[in-house]
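Student: The structure under discussion is supplied below as structure tokens; questions concerning it will follow.
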């Protein structure tokens with residue numbers, strides 16, 4: 001889904017792909033000022049700074065939280081001293097597309113869940129870090145496997161989700177957390193009526209809050 005906006009959702013240190021004269025580099029966003037400039041790393045080739053003359057065309061793209069961002073611009077100047085940076089003009093036009101089917105909302109909701117393998121039952125607790133109509137992202141202590149079907153319970157401000165089944169879709173680790181080193185994406189499996197009502201109420205409230213904050 002295309003998104004119409006001139007405000008690019010930059011994050012300091014965000015990794016991006018830069019294409020310059022047909023060469024492709026991985027750079028990080030180092031700063032920006034809306035309507036004026038964007039600062040990235042100056043790419044290097046063989047340990048040497050890549051030469052970029054003023055007005056050289058630069059194309060940048062990256063993905064952030066399921067949002068694909070792509071724009072073309074031109075170089076203002078390159079700094080190849082102790083700190084190697086590339087300054088480009090803030091683009092007049094940017095293409096942004098939401099790659100996710102469902103809009104996600106940040107959250108901090110405690111959750112407990114279990115799953116069974118044969119005669120064994122495994123239990124864990126965690127935090128729902130973001131949530132959508134299609135699933136959730138959970139940080140927790142014990143490892144899971146793809147395609148595990150877990151049964152979770154959570155209490156939302158607007159209602160409860162009791163014994164709701166979900167399928168493990170993706171897995172990653174967060175080395176910065178000792179208490180909850182696992183981050184798991186799950187997809188809802190046949191939402192119960194109670195879960196569906198509670199989820200709709202939660203998302204409706206979060207959508208309203210997001211609209212109010214963007215005004």
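Student: If you go through the range 141-173 one residue at a time, how many are in a loop (DSSP other than H, G, I, E, B), surrounded by 13 or more Cβ atoms within 10 Å (Cβ to Cβ) and at pLDDT below 90?
Tutor: Final tally of qualifying residues: 1.
Student: Scan the range 91-105 and give yes if some residue there is part of a strand (DSSP E or B), in contact (Cβ under 8 Å) with a residue 24 or more places away in the chain and in contact with a helix residue (DSSP H, G or I) (Cβ under 9 Å, 6 or more places away or on another chain), otherwise no. Outline the logic, then answer.
Tutor: Of the range 91-105, the ones part of a strand (DSSP E or B) are 95-98, 105.
Adding the requirement that they be in contact (Cβ under 8 Å) with a residue 24 or more places away in the chain leaves 95-98, 105.
This time we only want the ones that are in contact with a helix residue (DSSP H, G or I) (Cβ under 9 Å, 6 or more places away or on another chain), so: 105.
Scanning the range 91-105 turns up at least one residue that is part of a strand (DSSP E or B), in contact (Cβ under 8 Å) with a residue 24 or more places away in the chain and in contact with a helix residue (DSSP H, G or I) (Cβ under 9 Å, 6 or more places away or on another chain).
Student: Kindly indicate whether residue 123 is under 15 Å from residue 189 (Cβ atoms) and assigned to a strand (DSSP E or B).
Tutor: Values: under 15 Å from residue 189 (Cβ atoms): no; assigned to a strand (DSSP E or B): yes.
No, not satisfied.
Student: Next question. Would you pick out the residues in the range 191-215 that are more than 16 Å from residue 107 (Cβ to Cβ) and at pLDDT below 90?
Tutor: Within the range 191-215, the first condition is being more than 16 Å from residue 107 (Cβ to Cβ), and the residues that meet it are 191-194, 196-197, 211-212, 214-215.
Correct list: 211, 212, 214, 215.
Student: Taking residue 129 as the residue in question, decide whether it is at pLDDT below 90, within 26 Å of residue 67 (Cβ to Cβ) and in a strand (DSSP E or B).
Tutor: Numbers: at pLDDT below 90: no; within 26 Å of residue 67 (Cβ to Cβ): yes; in a strand (DSSP E or B): yes.
Criteria not met by residue 129.
Student: Scan (1) part of a loop (DSSP other than H, G, I, E, B); (2) surrounded by fewer than 12 Cβ atoms within 10 Å (Cβ to Cβ); (3) under 23 Å from the mean Cα position of the chain (by Cα) for the single condition residue 212 breaks and write down its number.
Tutor: (1) is the only condition that residue 212 fails.
The values are calculated or read from the model by the stated rules, or taken from the named source; none is laboratory data. Since we're looking at a predicted model, the values are computed, not measured. Glycine also receives a Cβ, built like all others from the backbone with ideal geometry; neighbour counts cover every protein chain displayed.
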